[in-house]
Amino acid sequence: MTVSRKSTYPFWTLILALAIVQFGCPNGGGGLPDPSAGLYHTYAELDAEMHALAANHPGLAQISSIGKSLEGRDLWALKISDNVASNEDEADVVFVGGHHAREWISVEVPLMIAQHLLENYASDASVKNLVDQSEIWIVPMVNPDGHNYSVTTDRLWRKNRRNNGDGTFGVDLNRNYSHEWGGPGSSGSTYSETYRGPSPFSEPETQAVRDFLQQQAPKALISYHSYSQLVLYPWGHTNSPAPDEALLRQMAVAIADAIRAVHNVSYTPEQSSELYLASGDTTDWLYALLAVPSFTIELRPRSSSPGFELPENQIVPTFEENLPAALNLIDWAIQQSNVTM
Ligand SMILES: [Zn+2]
C-alpha cells in the first residue's frame, strides 16, 4: 500500500483497526473465518462433534486417536459399546469413511451411525442389544488433510497432501495398502489421481488404519466412499473370485436389499473388480489379512451429475438408507462370534 492512498480511508477505519488489534478477531485472530462446508462437517466440526458424543455418553462411547495425518491432524476413532473402557470379548465391527477427500458424504454416514447408536441406546431395545454385544468402531475421516484442502481450496481434491517432491501433491490412500500393492488399477505416476505412493503403507494415514485394524481384528468392515451407489466386495485387484465369493456376494446382495427397502434407491452389489480393477485398497487388504467380510459402499449419487457434490438435502436420506444394513452387519458379526465360541 502506498502512502498517497492513506488519505482515502476515513478516520473510522483506523478506529476499527485499532479495535481489532485491541480486542482480537472473533474467528480466533487469524482474520479469516473458519472454513465452512455447509451442513457437511469440516475436520474441526467433526473433531468437536466426536468429542461431544464421547462426553455426552460416558460408559458407552470413547474417543481415541489412531494416529496422525501428514499435517499432524489426529485420526479420530469413536468406540461404542457397553463397558466401553474395557476391551471385552465381543465382536468388533468397523465403519470407516473419508479415505478420499472430496467424498464428503462418506464422512457423514459413519458419523451419523455413531450418533444414531448413542442417541437411541436408552430408548431402542434393538440398538441396546447390538451395542451391548459388540464393539463398534467409527473412523469417519481417514484423510483429514485432503478433506481440509477440499473444503478450503479445491473441492474435487481426492488424495492426501503428501508433497511428492516433483511439484505434485498427494497419494491415493485407497491404493496404498499392501495387498497386491502396485497391481492393476493403481498408478506409479505421482501426477495420477490413483498414485499408489512410493511403497506399501508409505503414508501415515494408511499406517494408522493398518495398525488399528490389526489390533482390533474386526469381524466385518464397511469402508464408505462415493459415488455410484454400489456395494463392492473383494477382490478389487483381480477378476478372479475371492475364496468366500458366495458368502460375500450373498451379504452384498442383502446390504443392497436393505438399502433399497428404505427409500427405494438401488445400489448394485458386485465384485469390486467389476467396477474397475483397483489394487491396494482397504477391503482387499483386510480380507487378505483376516478373511472377514469387507465392503466398499459407494454412496449417492448414481452418476457424475452431481457426482461428488451431493446436495445437502441428500445427507440425511443417504444415512437413513444405509443405517439398517449397518445394523444388520453388526448383528451378523455378533452371531458369528456366538457360533465360533
Ligand atoms: Zn473413494
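The values are calculated or read from the model by the stated rules, or taken from the named source; none is laboratory data. For clarity, every value in this text was computed on a predicted model and none was experimentally measured. FYI the Cβ positions are ideal-geometry reconstructions off the backbone, even for glycines, and counts take in every protein chain you see. Protein only, heavy atoms only, side chains kept; ligands, DNA and RNA dropped before computing areas. Shrake-Rupley method; radii C 1.70, N 1.55, O 1.52, S 1.80 Å.
3J(HN,Hα) couplings calculated from phi for the range 290-303 with the Karplus curve 6.51 cos²θ - 1.76 cosθ + 1.60 (θ = phi - 60°) are, in sequence order, 10, 6, 10, x, 9, 10, 9, 9, 8, 7, 4, x, 6, 10 Hz; Gly and Pro show x. For the chain, the solvent-accessible area of protein heavy atoms averages 43 Å² per residue (probe radius 1.4 Å; ligands and nucleic acids excluded). Which residues' amide hydrogens lie under 5 Å from the amide hydrogen of ALA220, considering only partners 5 or more residues apart or on another chain, with H built in the peptide plane? Those lying under 5 Å, H to H, from ALA220 are VAL94.
Accessible surface ranking for LYS219, LYS159, 1.4 angstrom probe, highest first: LYS219, LYS159.
Computed from label points 7 Å out along Cα-Cβ, the spacing between SER86 and SER178 is 3.4 nm. Stretched out straight at 0.36 nm per residue, the stretch from ASN239 to VAL253 would grow longer than its current Cα-Cα span by 3.2 nm. Figure note: THR152, THR206 ranked by solvent-accessible area, largest first, 1.4 Å probe, ligands and nucleic acids not counted: THR152, THR206.
In this rough spin-label picture, where each label sits 7 Å from Cα along the Cβ direction, the ALA246-ALA44 distance is 5.5 nm. In sequence order, the range 210-225 has phi-based couplings of 4, 5, 5, 5, 4, 6, 7, 6, x, 7, 6, 8, 10, 10, 8, 9 Hz under the Karplus curve 6.51 cos²θ - 1.76 cosθ + 1.60, θ = phi - 60°, and Gly or Pro positions carry x. To put it simply, the accessible area of the chain at a 1.4 Å probe is 54 percent carbon and sulfur. Summing Cβ point charges (Lys, Arg +1; Asp, Glu -1) relative to the Cα centre of the chain gives a dipole of roughly 1180 debye.
Comparing TRP332, LEU130, PRO243 along the charge dipole axis of the range 34-340, the residue lying farthest to the positive side is PRO243, per the Cβ-charge model.
Only the Cβ atoms of Lys and Arg (+1) and of Asp and Glu (-1) were treated as charged; on that basis the dipole of the range 289-341 about its Cα centre amounts to roughly 160 debye. For the peptides 229-235, 326-332, 108-114, the ranking by mean Cβ contacts within 10 Å, running from highest to lowest, is 229-235, 108-114, 326-332. The figure for THR168 is an accessible area of roughly 10 square angstrom, using a 1.4 Å probe on the protein chains alone. Farthest toward the positive end of the dipole of the chain, out of SER178, SER36, ALA258, is the Cα of SER36, where the dipole comes from beta carbon charges about the Cα centre. Classify the chain from the C-alpha gyration tensor, please: rounded if a/c falls under 1.5, else prolate or oblate depending on whether a/b exceeds b/c. Here the chain falls in the prolate category. Largest first, the residues THR42, THR238 sort by 1.4 Å accessible area into THR238, THR42. Helical content of the chain, expressed as a calculated mean residue ellipticity at 222 nm, amounts to -12500 deg cm²/dmol (DSSP H runs of 4 or more residues, -39,500 (n - 2.57) each, divided by residue number, nearest 500).
Computed from Cα positions, the angle between helix 245-263 and the longest principal axis of the chain comes to roughly 60 degrees.
Per-residue extension of 0.36 nm, minus the Cα-Cα distance of SER36 and TYR191, leaves a gain of 53.0 nm for this segment. Listed peptides 33-39, 65-71, 53-59, 294-300 appear in the order 294-300, 65-71, 53-59, 33-39 once ranked by packing, highest mean of other Cβ atoms within 10 Å at the front.
Ranked by the mean number of other Cβ atoms within 10 Å of their residues, highest first, the peptides 274-281, 81-88, 173-180 fall in the order 173-180, 274-281, 81-88. In the assembled protein chains, SER199 presents an accessible area of approximately 50 Å² (probe radius 1.4 Å). Between ALA125 and SER305, what is the spin-label point distance in nm, taking each point 7 Å from the Cα along the Cα→C-beta axis? Placing both labels 7 Å along Cα→Cβ, they lie 5.0 nm apart.
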